[in-house]
1. On the basis of being among the β-branched types (Val, Ile, Thr), out of contact with any His (no Cβ under 9 Å at 6 or more places or on another chain) and assigned by TED's automatic domain parsing to the domain that holds Trp16, does Thr78 make the cut?
2. Restricting to the range 173-211, name every residue that is assigned to a strand (DSSP E or B) and either in contact with a Ser or Thr (Cβ under 6 Å, 6 or more places away or on another chain) or among the charged types (D, E, K, R) (or both).
3. Do the conditions hold for Arg74, that is, is it in contact with a strand residue (DSSP E or B) (Cβ under 6 Å, 6 or more places away or on another chain) and either in contact (Cβ under 8 Å) with a residue 60 or more places away in the chain or of a type in the set (Lys, Arg) (or both)?
4. Among the residues of the range 181-194, are any among the aromatic types (Phe, Trp, Tyr), touching a His at 6+ places or on another chain (Cβ under 9 Å) and in contact (Cβ under 8 Å) with a residue 12 or more places away in the chain?
5. Looking at Ser76, is it at pLDDT below 95, farther than 30 Å from Gly301 by Cα and among the hydroxyl-bearing types (Ser, Thr, Tyr)?
6. Restricting the search to the range 275-306, which residues are farther than 27 Å from Val124 by Cα and touching a Phe, Trp or Tyr at 6+ places or on another chain (Cβ under 9 Å)?
7. Out of the range 131-149, which residues are more than 18 Å from the chain's Cα centre (by Cα) and touching a residue at least 40 places away in the same chain (Cβ under 8 Å)?
8. Just one of (1) in contact with a Lys or Arg (Cβ under 8 Å, 6 or more places away or on another chain); (2) assigned by TED's automatic domain parsing to the domain that holds His248 trips up Asp165, so point out which.
Amino acid sequence: MPDARATVFDLIAGRWRSQAIHTGVKLGVFDALASDPISASTVAVECHLHPEMTYRLLRALASLGLMEEHPDRRFSPTEAGRLLRRDHPATLRDIVLLREGPEHVAVWKHLPAIVRDGVQNGFVREFGRTAFEHANREPAYGDAFDAGMSSYSRLQTEWTLDALDRRDFGAVGHFCDIGGGQGHLLCHFLLRYPHMRGTVLERPSALEDGAALWADRLGVSDRCRYIAGDMFADLPGADAYVLKMILHNWSDDECVRLLRNACERATPNGCLLIVEHVIPGIDTPHIAKLFDLHMMTWGPGRERTETEYADLLDRAGWEYVATWYPREGDIGVVEATRR
């Protein structure tokens, strides 16, 4: 069993690790590394950095397993480090830039006050407006948020399709992704199920860049349409709806309002899929329990247990069916049918 003091000291250093990774990504040192070892001074020149400070940063990142240190202050990337390169097909760099960026670091300092007084919204405390309002007012944060969410989408699509691999979608003719961004998840569903047609409902600003939309890129534009609208009011009718990482942004009452809206528009045998970080039982460590604290500082929402989702569904006119989990990954897919 690890020494208790060592465990606590290791946890205290968590922010040091994540900020070192953020610095390496932001300064481009992972992009500067080649397959063969190169010197810290070469990285410094390419990235316009101070040579000695660059070496010290690379040494720390090597200690985290993101690169290997070789004699004569030379470094090469590990497989994990390559995931932080801009050109990696499954890059995680945008998640790092969002999660460890200045806005999200700033709102976490309000966690003691939020826990003390029970009023959660670190963005309002720090910036005087909600996170979504801040994204609209500050293009740098808006861009970082959109890029980070897109990076998450690649992982979440993979996990969701894996979780639902055994689920039969033969009866689903029209699938609607509520708040579905550029359609990454929906378009991959359409690829898997050629009989389906789909609709992505999103904020107008998220659909402005036509080149970013996935329907054309994946060759399913003949079966996919994009609608700009308000998910609390403008849902199209459909056989199935999916809400991926949407409900955790909102309070219980707001979730019930959205779920009821979908229930009223669903076909008689319609179904609903909720993709979220589902909190497991009391004896199970899970990222969802930490993600819940992030949501506490970020806005009015929360992560929820399977039972809590079932209660929200019941209040909105849905009947809980099951929760599906991928073989690997941090999400669950809560399924419900219309009562």
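The values are calculated or read from the model by the stated rules, or taken from the named source; none is laboratory data. Being a predicted model, the structure only gives us computed values, none of them experimental. Every residue, glycine as well, gets a Cβ built from its backbone with ideal geometry; the counts of neighbours run over all protein chains shown.
1. On the way: among the β-branched types (Val, Ile, Thr): yes; out of contact with any His (no Cβ under 9 Å at 6 or more places or on another chain): yes; assigned by TED's automatic domain parsing to the domain that holds Trp16: yes.
The answer is yes for Thr78.
2. Cys176, Asp177, Arg197, Glu202
3. Numbers: in contact with a strand residue (DSSP E or B) (Cβ under 6 Å, 6 or more places away or on another chain): yes; either in contact (Cβ under 8 Å) with a residue 60 or more places away in the chain or of a type in the set (Lys, Arg) (or both): yes.
Criteria met by Arg74.
4. From the range 181-194, those among the aromatic types (Phe, Trp, Tyr) are 189, 193; that's our starting set.
From the residues that got through so far, the ones that are touching a His at 6+ places or on another chain (Cβ under 9 Å) too are none.
No.
5. Working: at pLDDT below 95: no; farther than 30 Å from Gly301 by Cα: yes; among the hydroxyl-bearing types (Ser, Thr, Tyr): yes.
Judged against the criteria, Ser76 is not a match.
6. Kept after step one, since they are farther than 27 Å from Val124 by Cα, are these residues of the range 275-306: 280-286, 306.
Passing the criteria: only Glu306.
7. Asn136
8. The one condition Asp165 does not meet is (1).
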